[in-house]
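Taken together, the values in this text are just the output of simple stated rules run on the coordinates, not laboratory data. Worth saying up front: this structure is predicted, and the values here are computed from it rather than measured.
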Amino acid sequence: MIISEVQETPSKFAKELITSTIENNAEGVLTTINSDGTPSSSVITLHKLEDYTYFFMTKDTTKKYDNLEFNPNISYLVFDPFSRTELEIKGLTEFVWDEHTRKHALKIIEKDTHKGRGHISPFVTAEDSYALFTIHPQSIHFTTYWDKGDGPEIYRETIEFNIKDTDYPS
């Protein structure tokens, strides 16, 4: 049986599943768009800034940095083998210049590292060549697979945030 829903407000189940999937699986695949329109994927560590706003840091010499300067659209995919949940975030990134937000993000990374979630490079705090990007979801789609003994069930839910490109600073 497949249960599928699309909604603007996440259910309590969805909110808990999204939070636990991201918290329990620090690394996922970020896909950006090359200047020729082709996709480019890399593994990143994603951190939660606030409800449904996530962030990551990358060196300003990486392909993903160049791609995000060209096109802020991304897809982020993570799979939690324990809960058998696949989660995809589609959205826009925003380069963060604000020093206060950057310091706050570094504290979150440090806390996450102490929890065993991801790692912190000593260079992140030592040099300014790391860029901070926030991810603002336009949609979060997840699929959970389970078998209660009477056959497999699939639960899918998509949360549409209905955010327009114009809602983000350029």
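Remarks
- Close amide H contacts of ASN34 (hydrogens built in the peptide plane, cut-off under 5 Å, sequence separation of 5 or more or a different chain): SER40.
- For the set LYS12/LYS59; LYS12/LYS64; LYS15/LYS63; LYS15/LYS107, the pairs lying more than 30 angstrom apart at their alpha carbons are LYS12/LYS59; LYS12/LYS64; LYS15/LYS63.
- Amide hydrogen neighbours beyond the local backbone of TYR54, cut-off 5 Å, H modeled: LEU49, ILE135
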